[in-house]
Amino acid sequence: MTDGHAMTEPDMYGLVNQGVQTFISNAHGAADWQDICARAGLSDTDFEGMLVYPDDITYKIVGAVSEKYDLPATEVLRLFGDFWVDFSHKTPIGTLLRFGGETLLERLDTLNEMHERIKMSMPHLSPPVFEFEDMGDGTYKLHYASDREGLEHMVIGLVEGLGRETGQSVTIRQDPEPAYDGFRASFTLELATD
């Protein structure tokens with residue numbers, strides 16, 4: 001937790017860790033969550049959603065989930081990203097998560113605006129930044145910048161979850177390199193046509 005001192009590394013709101021707890025507890029039970037926390041070296045197994053915790057805690061939890069279920073951390077992040085779409089709507093900031101538009105493309109184009117709304121209630125939020133491009137050939141690019149390393153597969157899960165929520169089947173793959181300097185990753189998206 002922060003104690004009012006300047007943050008030198010990004011910190012994450014407990015809401016994210018609550019999401020992982022709900023994800024694991026719903027799928028595997030409270031005993032599995034307790035075991036994951038023990039594997040991660042955490043004495044506290046509950047998180048306050050609006051308090052800020054060091055990112056390291058979240059990374060340790062992801063590692064413990066990966067170890068317990070013998071899944072690559074990238075798959076844990078993808079699954080959690082998909083889960084987060086539904087979970088976040090049920091949180092205290094759920095009303096701030098309303099996206100602009102009804103379609104997947106409209107929502108992806110307004111991700112930064114959504115994060116700006118959330119920052120009004122969560123001033124320590126260090127959200128990612130996205131740039132969305134229509135490539136004009138039936139594909140789209142989503143460029144992702146973040147202070148945090150290694151969360152690209154969570155973005156993939158989030159896009160898949162948003163596609164599910166909007167009823168739009170989407171294929172997303174991470175490009176070998178970011179298209180622009182200052183971005184961690186670029187993704188190519190293709191929408192299924194009926």
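Starting from the amide H of A185, placed 1.01 Å from N in the peptide plane, find each other amide H under 5 Å away whose residue is 5 or more places distant or on another chain.
For A185, whose amide H was placed from the backbone, the distant partners under 5 Å are Y144.
How many Å² of accessible area per residue for segment 80-194, probe 1.4 Å?
52 Å²
Out of the total accessible area of the chain (probe 1.4 Å, heavy atoms of protein only), what percent is carbon and sulfur?
Accessible surface attributable to carbon and sulfur in the chain totals 50 percent.
Rank I24, L151, P54 by how far each Cα sits towards the positive end of the charge dipole of the chain (+1 on Lys, Arg Cβ; -1 on Asp, Glu Cβ) and give me just the farthest.
Checked the options; the winner is I24.
Report which label in (1) 17.9, 59; (2) 18.7, 58; (3) 16.7, 54 holds the value of Rg and Dmax of the Cα atoms in Å derived from the coordinates of this structure.
Computing Rg and Dmax of the Cα atoms in Å and matching it to (1) 17.9, 59; (2) 18.7, 58; (3) 16.7, 54 gives (3).
Hydropathy at least -0.5 by Kyte-Doolittle, axial extent at least 20 angstrom from the Cα trace: which helices of the chain, defined as entire DSSP H runs, fit?
Taking the DSSP H segments of the chain (at least 20 Å long, mean hydropathy at least -0.5), we get 14-28, 55-69, 73-89, 152-166.
Below 8 Å between Cα atoms, with a sequence gap of 6+, how large is the relative contact order for the chain in percent?
19 percent
Quote the accessible area belonging to H28 in square angstrom, nearest 10, computed with a 1.4 Å probe and with ligands, DNA and RNA left uncounted.
Counting only protein heavy atoms, the figure is 100 Å².
So what does S146 come to for accessible area, using a 1.4 Å probe and Å² rounded to 10?
20 Å²
How much FRET efficiency would the formula 1/(1 + (r/R0)^6) give for D181 and T103, where r is the Cβ-Cβ distance and R0 is 41 Å, rounded to 0.05?
For D181 and T103, the calculated efficiency is 0.85.
What lysines sit close enough to K119 to cross-link, taking a C-alpha to C-alpha distance under 20 Å and skipping anything fewer than 8 places away on the same chain?
Output for K119: K90.
The values are calculated or read from the model by the stated rules, or taken from the named source; none is laboratory data. Because the structure is a prediction, the values reported are computed rather than measured. Backbone-built Cβ (ideal geometry, glycine too); neighbour counts: all protein chains shown. Accessible surface is based on the protein model in full, side chains and every heavy atom, while ligands, DNA and RNA are left aside. Shrake-Rupley method; radii C 1.70, N 1.55, O 1.52, S 1.80 Å.
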